[in-house]
Amino acid sequence: MQYPDGVVICNQCSLNGVSTQAQADQIAEEMRFALASVGLKLNSTQTPVFLCGRDELNGASHHNFHDNHPILGVTRTNTTHSRGEILARNFDCILIQINLPEEHFRTVMIHELTHAWFFYNYFLDLPLKVEEGMCVLMEYIWLKNLDTKDAEFRRKQIALTPDPIYGDGFREAREALRLMPLSKLLSYIKEKKKFPTRWAAFFY
C-alpha cells in the first residue's frame, strides 16, 4: 500500500498501522513507562507527539546523514544562545511517521523519547554518534524483550547496519554497556561526551 506522502507499507503491516492521534498518545505514554523501567524517567516533562508525513519529517530534520534511509521520527527542541551562553531551552514536540506498523512505531517512539530524556537532563553538545548510538541502544534493549519475528528482524538490522552514525554508534554504545551499568554509563557520557574505553570504565 502506497500512501499519499510516498510511504510504502505491505498490506499485512498496514492492518495495524498507527494512524490516529489517540493511538499515538497511548503508545507514547506506554513507551515512557518502558523507558522509565530501565532508569530513564521523564516524570512530568512535556513530550507531545504528532503524526505527520514524510515531507514534514524531512523539513524538520536538521541533519544531512539520512540519505540512505527515510526519516521516521524527529525530536524538535529550541535553544537560544547569546555570546556563548544559553538563554532558554524549550522542548517543542516529537514527530513520527504516520501509518507505521505499531511495533515499528514503538521503536521509533522509544528512540525519540531517549532524545527527549537527554534534552531534559542537560546532556549538552553530545557528538551525534554518541547520542544516536544511545538512542538506538534503547530501541535494541526494548526489542530484546519481544518474541516476534519483526522484533528479531529489527534487532539484526540494528546490529548489522553499516551506517557510521546509527550503526557504529550503536555498537560502541552496546560495548560500553558491557563495561559499566547503564546509570554509570550515562553519567560518564554526560561528563566526558564520549564512550568509555575498557580502562576508562575501570577507573571511572
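The values are calculated or read from the model by the stated rules, or taken from the named source; none is laboratory data. Everything numeric here is computed off the predicted structure, so don't read it as measured data. Cβ coordinates were reconstructed from backbone atoms using ideal geometry, including for glycine residues, and neighbour counts include every protein chain displayed. Just so you know, the surface numbers come from the protein's heavy atoms only, side chains and all, with ligands and any DNA or RNA stripped out. Shrake-Rupley method; radii C 1.70, N 1.55, O 1.52, S 1.80 Å.
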Cα-based helix-to-principal-axis angle, 128-143 vs the chain, degrees rounded to 10:
60 degrees
Using Cα-Cα distances under 8 Å and only pairs 6 or more residues apart, what relative contact order does the range 50-204 have, in percent?
17 percent
Just one of [x] 17.1, 54; [y] 18.2, 59; [z] 19.1, 64 is Rg and Dmax of the Cα atoms in Å as worked out from the coordinates here. Which one is it?
[x]
Note the angle between two axes, namely the Cα long axis of helix 102-120 and the longest principal axis of the Cα atoms of the chain, as a number of degrees from 0 to 90, rounded to the nearest 10.
30 degrees
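Looking only at the chain, where both bridge partners belong to it, what percent of the DSSP beta bridges are antiparallel (to the nearest 5)?
Working: 12 of 16 bridges.
Counting DSSP beta bridges with both partners in the chain, the antiparallel share is about 75 percent.
What part of the accessible area of the range 45-171, given as a whole %, is carbon or sulfur when the probe is 1.4 angstrom? Could the numbers behind the result be given before it?
On the way: 3110 of 6450 Å².
The C+S portion of the solvent-accessible surface of the range 45-171 is 48 percent.
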Listed by chain and number, the lysines with an alpha carbon less than 30 angstrom from that of Lys192, same-chain partners under 8 positions apart left out, are Lys41, Lys129, Lys144, Lys156, Lys184
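Ranked highest first by average number of other Cβ atoms within 10 Å, how do 133-143, 94-104 line up?
133-143, 94-104
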On a 0 to 90° scale, report how tilted helix 149-160 is relative to the longest principal axis of the chain, with both axes built from alpha carbons and the result rounded to the nearest 10.
40 degrees
Of 173-186, 73-86, ordering from highest average Cβ density within 10 Å down gives 173-186, 73-86
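Give the shape of the range 71-188 as rounded, prolate or oblate, defined through the alpha-carbon gyration tensor: a ≥ b ≥ c are the square roots of its eigenvalues, a/c under 1.5 means rounded, and otherwise the shape is prolate if a/b is larger than b/c and oblate if not.
Details: a/c = 2.19, a/b = 1.40, b/c = 1.56.
Taking the square roots of the gyration eigenvalues as a ≥ b ≥ c, the range 71-188 is oblate.
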Among beta bridges that DSSP assigns inside the range 1-119, antiparallel share in %, nearest 5:
75 percent
